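Here's the structure, in structure tokens; my notes come after.
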């Protein structure tokens, strides 16, 4: 009976860990725009939930339309890709994943 409870507990823990979203630490050096949202300079934890990236600094969270892309090679460092004050993507160091930011206005125009 104890073995069954232990097995069930471990299975539940494994499912919880597998379903947890990955969190990445990012420093934004100056005020910038990600999609249609302005982010203030500072340190953030970024989590991707579905089609949104959630930037969290302290108790404040900001959701930004985003998608994930996979590269064939790993990114050596976490890097911000931007044009002027517009953040277009974050390359996640140590992975082959990048977060790409979408403008809700441009996404709506593209579907019409």
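The values are calculated or read from the model by the stated rules, or taken from the named source; none is laboratory data. Computed from a prediction, not measured in an experiment: that's the story for all the values here. Glycine also receives a Cβ, built like all others from the backbone with ideal geometry; neighbour counts cover every protein chain displayed.
Output the number of residues of the stretch 1-37 satisfying the condition of being out of contact with any helix residue (DSSP H, G or I) (no Cβ under 6 Å at 6 or more places or on another chain), at pLDDT 50 or above and under 23 Å from residue 97 (Cα atoms). The number of residues fulfilling the criteria is 14. For the stretch 20-32, the candidate set comprises residues that are within 15 Å of the chain's Cα centre (by Cα) and surrounded by 17 or more Cβ atoms within 10 Å (Cβ to Cβ); within that set, the residue that is nearest to residue 87 (Cα to Cα) is 28.
Which one of these is farther than 16 Å from residue 28 by Cβ, touching a helix residue (DSSP H, G or I) at 6+ places or on another chain (Cβ under 6 Å) and modelled with pLDDT of 90 or more: 65, 73?
Among 65, 73, only 65 is farther than 16 Å from residue 28 by Cβ, touching a helix residue (DSSP H, G or I) at 6+ places or on another chain (Cβ under 6 Å) and modelled with pLDDT of 90 or more.
Within the bounds of the stretch 39-46, is there any residue that is within 10 Å of the chain's Cα centre (by Cα), modelled with pLDDT of 90 or more, buried (at least 18 other Cβ atoms within 10 Å of the Cβ) and closer than 13 Å to residue 23 by Cα? For the stretch 39-46, residues within 10 Å of the chain's Cα centre (by Cα), modelled with pLDDT of 90 or more, buried (at least 18 other Cβ atoms within 10 Å of the Cβ) and closer than 13 Å to residue 23 by Cα: present. Residues that are farther than 17 Å from residue 26 by Cβ and touching a strand residue (DSSP E or B) at 6+ places or on another chain (Cβ under 9 Å) were ranked within the stretch 85-112; the one that is modelled with the lowest pLDDT is 107.
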